[in-house]
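Below is one structure, written out as structure tokens; comments come after it.
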Amino acid sequence: MGKISKKHKVSEKQKEKIVEQFLPRVKYYASKYAFCLPSELSIEDLVSAGIVGLLEAIERYDPSMNVTLSTFADFRIRGAIIDEVRSMQWASKDARKKLEEVRKAYSELEKSFNRIATDEEVAERLNITLDELYKTLSIANTMNMISLEDLGVSKDGESLDILECISKEDERDMLDELNLKELRSALGSAIDELPEKERLVITLYYFEELTMKEIGRVLDISESRVCQLHGKVLIKLKNRMEQFKNGC
């Protein structure tokens with residue numbers, strides 16, 4: 001695919017060819033983020049959102065950005081799909097409040113015990129059942145829990161997901177540009193310290209790019225359980241990033 005210059009408007013025929021080229025990628029991300037979807041959304045809705053993100057990428061792409069169209073489009077497709085999920089799942093202030101309570105409970109118990117808190121201990125601390133805790137952990141998946149914006153950093157107004165950045169070569173360069181090598185190192189250490197099954201979920205999802213269903217098959221657990229583990233890991237890593245931000 002040749003370079004697209006901002007000086008020349010992309011024709012409808014060019015757009016169609018680019019959409020056709022990237023459609024498998026759009027469908028891949030729709031499938032990847034389709035776990036634990038709110039009832040109001042279907043995977044077809046996510047594909048539609050991804051195509052909108054792709055079209056925006058085509059309009060906004062400039063070769064002088066020092067990134068390929070593929071990388072830029074990938075970024076916009078994923079962001080559009082995540083935003084679509086979040087717009088539905090995160091309409092509830094109550095959901096946000098519950099998640100923040102869970103995050104704080106994990107953090108406070110970890111500091112108190114000087115070890116990783118168990119799900120049972122967190123549920124007892126919050127006076128909720130394990131099922132209620134797991135439901136909240138599943139909700140955590142649809143929010144961009146670990147973003148550079150949490151650390152007061154942004155890149156050209158785009159939302160940058162830290163885990164996605166460290167899992168892709170081109171996006172690692174963005175972290176280098178922002179002088180956040182220490183962040184990458186700190187997050188890498190935090191991932192290494194996770195229990196084996198949680199570390200595997202992160203590795204398979206972000207680095208091997210498996211879907212939740214595929215990870216469930218690998219680990220011989222249900223897709224919903226993978227979803228819960230992923231949400232718990234996001235909360236743990238969110239706490240570690242907060243510590244990084246505060247210099248702890």
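Couple of notes before you dig in:
- Only one entry in 242, 209 is at positive phi and either in contact with a Leu (Cβ under 9 Å, 6 or more places away or on another chain) or in contact (Cβ under 8 Å) with a residue 24 or more places away in the chain (or both), namely 209.
- Residue 34 meets the stated requirement of being aliphatic (A, V, I, L, M), at pLDDT below 85 and surrounded by 10 or more Cβ atoms within 10 Å (Cβ to Cβ).
- So residue 1, is it open to solvent by 30 Å² or more (accessible area, probe 1.4 Å), at pLDDT below 80, of a type in the set (A, V, I, L, M, F, W, C) and farther than 22 Å from residue 226 by Cβ: yes
- Selection status of residue 134, touching an Asp or Glu at 6+ places or on another chain (Cβ under 9 Å) and either under 26 Å from residue 211 (Cα atoms) or open to solvent by less than 50 Å² (accessible area, probe 1.4 Å) (or both): yes
Table: residues versus (1) over 17 Å from the mean Cα position of the chain (by Cα); (2) at pLDDT 85 or above.
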| position | (1), (2) |
| --- | --- |
| 63 | yes, no |
| 67 | yes, no |
| 84 | no, no |
| 94 | yes, no |
| 106 | yes, yes |
| 142 | no, no |
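- Matching helices (runs of 4 or more DSSP H) fully within the range 170-245 where at least 1 residues are closer than 17 Å to residue 34 by Cα and at pLDDT 80 or above: 196-202, 212-219, 223-245
- Here is the figure for the range 44-64: residues that are free of Cβ contacts under 8 Å to residues at least 40 places away in the same chain and open to solvent by less than 40 Å² (accessible area, probe 1.4 Å) total 7.
- Members of the range 207-220 that are under 27 Å from residue 131 (Cβ atoms) and in contact with a helix residue (DSSP H, G or I) (Cβ under 8 Å, 6 or more places away or on another chain): 210, 211, 212, 213, 214, 215, 216, 218, 219
The values are calculated or read from the model by the stated rules, or taken from the named source; none is laboratory data. Values in this document were obtained by computation on a predicted structure and should not be read as measured data. Cβ sites come from the backbone with ideal geometry, for glycine too, and all protein chains shown count toward neighbours. These area figures cover heavy atoms from the full protein model, side chains too; ligands, DNA and RNA do not enter into them. Shrake-Rupley method; radii C 1.70, N 1.55, O 1.52, S 1.80 Å.
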